[in-house]
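Heads up: the structure comes next, in structure tokens.
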Amino acid sequence: MKNNVNIIAVLDENREKLLVCKRRKEPYKGLLNLVGGKLKPGEDGYAAAYRELEEETGITGDDITLTHLMDLVYYLEDTKLEVYFGCLNKKLEVHGDENELLWIDRQQNYFDESRFAGEGNIGHIMERIRKSEHEM
């Protein structure tokens with residue numbers, strides 16, 4: 001794929017809140033999104049997810065263990081979106097310069113396109129996370 005990107009769903013240490021960013025630029029300017037970014041050429045997916053997470057939030061591999069949940073492939077756009085999630089192992093202050101970071105209650109309608117980016121993808125991702133937690 002020409003465009004390889006990732007997004008990371010981060011739950012707080014109690015699994016009650018989700019970390020989101022409020023987009024400052026297009027696409028999805030003003031909407032809530034998960035953190036993430038572009039993979040560098042030849043970069044391993046996990047390495048890229050941990051790198052982007054630290055760059056955008058200050059969260060490191062010592063603070064969270066990520067699970068590769070799924071990939072979404074958009075053939076017409078030549079894009080692969082790698083989806084990761086994890087739960088913080090302690091209370092942590094997050095910080096970032098790219099977008100405003102917010103902790104929101106986990107119980108949301110993530111399919112609400114007037115609030116959340118991604119044409120419903122965040123809703124799908126959060127449902128898959130919920131289901132995977134029950135299976136673990």
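Screening 82, 56, 77, 98 for residues that are without any contact (Cβ under 8 Å) to a residue 60 or more places away in the chain and either touching a Pro at 6+ places or on another chain (Cβ under 8 Å) or not aromatic (Phe, Trp, Tyr) (or both) leaves exactly one candidate, 56.
Within the range 118-136, being over 20 Å from residue 80 (Cβ atoms) and among the charged types (D, E, K, R) holds for 127, 130, 131, 133, 135.
Restricting the range 113-136 to residues that are closer than 20 Å to residue 101 by Cα and among the polar types (S, T, N, Q) leaves a set whose member that is surrounded by the most Cβ atoms within 10 Å (Cβ to Cβ) is 121.
Take the residues in the range 28-41 that are touching a residue at least 12 places away in the same chain (Cβ under 8 Å) and of a type outside the set (Gly, Ala, Ser), then tell me which one is farthest from residue 117 (Cα to Cα). Checked the range 28-41; the qualifying residue farthest from residue 117 (Cα to Cα) is 39. Any chance the range 12-27 includes a residue that's hydrophobic (A, V, I, L, M, F, W, C), more than 17 Å from residue 124 (Cα to Cα), touching a residue at least 40 places away in the same chain (Cβ under 8 Å) and in contact with an Asp or Glu (Cβ under 7 Å, 6 or more places away or on another chain)? There is at least one residue in the range 12-27 that is hydrophobic (A, V, I, L, M, F, W, C), more than 17 Å from residue 124 (Cα to Cα), touching a residue at least 40 places away in the same chain (Cβ under 8 Å) and in contact with an Asp or Glu (Cβ under 7 Å, 6 or more places away or on another chain).
Rundown of residues vs (1) of a type in the set (Ser, Thr, Tyr); (2) within 14 Å of the chain's Cα centre (by Cα), yes/no style:
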site	(1), (2)
84	yes, yes
103	no, yes
106	no, yes
113	no, no
117	no, yes
122	no, yes
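I want to confirm something. Restricting to the range 80-100 and keeping residues that are closer than 24 Å to residue 4 by Cα and out of contact with any strand residue (DSSP E or B) (no Cβ under 6 Å at 6 or more places or on another chain), which single residue is surrounded by the fewest Cβ atoms within 10 Å (Cβ to Cβ)? Residue satisfying both the conditions and the ranking: 97.
When the criteria are applied in full, residue 94 fails the requirement of being in a strand (DSSP E or B) and of a type in the set (Val, Ile, Thr).
Please enumerate the residues belonging to the range 101-112 that are without any contact (Cβ under 8 Å) to a residue 24 or more places away in the chain and loosely packed, with under 13 Cβ neighbours inside 10 Å.
In the first step, residues of the range 101-112 are kept if they are without any contact (Cβ under 8 Å) to a residue 24 or more places away in the chain; the result is 107, 109-112.
The answer is 107, 109.
Selection over the range 112-132 of residues that are more than 17 Å from residue 8 (Cα to Cα) and touching a Gly at 6+ places or on another chain (Cβ under 9 Å) gives a count of 2.
Residue-wise test of (1) hydrophobic (A, V, I, L, M, F, W, C); (2) in contact with a Ser or Thr (Cβ under 9 Å, 6 or more places away or on another chain).
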{"residue": "3", "(1), (2)": "no, yes"}
{"residue": "15", "(1), (2)": "no, no"}
{"residue": "19", "(1), (2)": "yes, yes"}
{"residue": "25", "(1), (2)": "no, no"}
{"residue": "39", "(1), (2)": "yes, no"}
{"residue": "44", "(1), (2)": "no, no"}
{"residue": "56", "(1), (2)": "no, no"}
{"residue": "64", "(1), (2)": "yes, no"}
{"residue": "82", "(1), (2)": "no, no"}
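Residue 113 meets each of the listed conditions (1) at pLDDT 95 or above; (2) outside any loop (DSSP other than H, G, I, E, B); (3) charged (D, E, K, R) apart from (2).
The values are calculated or read from the model by the stated rules, or taken from the named source; none is laboratory data. Keep in mind the model is a prediction, meaning the values are calculated, not measured. Reconstructed Cβ throughout: ideal geometry from the backbone, glycine too, with neighbour counts over all protein chains shown.
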